[in-house]
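The values are calculated or read from the model by the stated rules, or taken from the named source; none is laboratory data. Note that the structure is predicted; figures quoted are calculated from it, not measured. Using ideal geometry, Cβ is built from the backbone for each residue, glycine included, and neighbour counts are taken over all protein chains shown. What goes into the accessible areas is simple: the full protein's heavy atoms, side chains included, and nothing from ligands, DNA or RNA. Shrake-Rupley method; radii C 1.70, N 1.55, O 1.52, S 1.80 Å.
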Amino acid sequence: NAILGASNFTGVNANFASLSGIQADGLDGHGGSFKKSNWFKAQLSGANLSETLFTEANLSSVKAVGSDFSKADLSRAKLSESNLSESKFINAIGEQANFSTTMLSGANFTSAGLQNAVFNNVYASSPVCFQAIQATGSSFKNAILEQCDFSHSNMQEANLSEANLVKGLFLGCILKKAACLQTNMKEADLTEADFGEAVLFETIMRTSNM
C-alpha cells in the first residue's frame, strides 16, 4: 500500500479514488474532493481534512486519531468500526453518515449537522462534545457515551434506546418524540431539556437535574 505521510493534497480532486489501506498519517487534504472514494482501513491520524468533500465515501475501519474534519461534508459516508478519537468534526455535515461501532473518545462534533446519522454501538473512554448538533432522527442505540455534552442540541425523534448516557449534559436539549427505551441517564443534567412526546420506557434518570 502507498505511503503518503504528510503529503500535500490540498484542494485535490480524487472522487471515486481507491485508497484502501493507504498510510497517510499527517496528510493535508484540506478543501479536497473525495466523493465516493474508498479509504477502508486507511491510516489518517493527524490529518487535516477540513472543508473536504467525503460524500458517500467509505471511511470504515479507518484510524484517524486527532484528525480535523471540521466543515467537511460526510453526508451518507460510512465511518463504522473506525477509531476517530480526539478528532474534530466542528460544523461538519454528516447527514445519514454511519458511525456505528466507532471509537469516539475525546472527539468534538460541536454544531455538526447530523440529521438521521447512525451512532449505534459507538463508545468513548473520555467525554465527547456534541454541543449544538442538529441530529433530528439520529440513532444512538446501545451507545456508551458517559459524561458527554449534548447541550443545546436538536435531537428530536432521535433513538437513544439502551444507550449509556450517565452524567451527560443535556442542557436545553430538544428531545421531542425521542425514543428512550431503557436509556441510562443517571446523574445527567437535564436542565430545560424538552422531552415532549418522548417515549421513556424503563429510562433511568435517578438524581438527574431536570
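Under Stokes-Einstein, with the Kirkwood radius over Cα pairs as Rh, the value for segment 96-137 at 4 °C and 1.567 mPa s is 124 µm²/s. Here the calculated FRET efficiency for K167 and N13, from their Cβ-Cβ distance with R0 = 45 Å, stands at 0.50, rounded to the nearest 0.05. List the residues, sorted by chain then number, that are 5 or more residues from S33 or on another chain and whose placed amide H is less than 5 Å from its amide H. So S33 has HN proximity to V12, N13, A14, L53. Accessible-area rank, largest first, for I144, I22, I90: I144, I90, I22, with all protein chains present and a 1.4 angstrom probe.
In order along segment 185-190, the phi-based Karplus estimate (6.51 cos²θ - 1.76 cosθ + 1.60, θ = phi - 60°) of 3J(HN,Hα) comes to 10, 4, 6, 6, 9, 10 Hz; Gly and Pro are listed as x.
If you sort the three axes of the alpha carbon gyration tensor as a ≥ b ≥ c, you get a/c under 1.5 for segment 133-210, which makes it rounded. Accessible surface computed residue by residue for the chain, with neighbouring protein chains in place and a 1.4 Å probe, gives 42 Å² per residue.
Backbone geometry of segment 74-79 corresponds, through the Karplus equation with coefficients 6.51, -1.76 and 1.60 at θ = phi - 60°, to 3J(HN,Hα) couplings of 10, 4, 6, 6, 9, 10 Hz, x marking Gly and Pro.
Its alpha carbons considered, the chain gives a radius of gyration followed by a Dmax of 17.1, 53 Å. Scanning residues 5 or more positions from V128 or on other chains, those with amide H under 5 Å from its amide H are G106, C148, D149, with H placed 1.01 Å from N in the peptide plane.
Here the relative contact order of the chain, from alpha carbon pairs under 8 Å that lie six or more residues apart, stands at 10 percent.
Summing +1 for each Lys or Arg and -1 for each Asp or Glu among the other residues whose beta-carbon sits under 15 angstrom from that of G137 gives +1.
For the pair segment 112-145 and segment 28-70, the centres of their Cα atoms are 19 angstrom apart.
For A57, the residues 5 or more places off, or on other chains, whose built amide H falls under 5 Å of its own are K36, S37, A77, K78. Taking the inverse of the average 1/r across all pairs of different Cα atoms in segment 15-74, what Kirkwood radius in Å do you get? Averaging 1/r across every pair of different Cα atoms and inverting gives 10.8 Å.
With a/c under 1.5 counting as rounded, go ahead and sort segment 70-114 into rounded, prolate or oblate using the C-alpha gyration tensor (a ≥ b ≥ c being the square roots of the eigenvalues; past the cut-off, prolate if a/b is larger than b/c, else oblate). Oblate, since a/c reaches 1.5 and b/c is not below a/b. For K88, a cut-off of 24 angstrom between C-alpha atoms picks up these lysines, skipping any fewer than 8 places away in its own chain: K35, K36, K41, K63, K71, K78, K141, K167.
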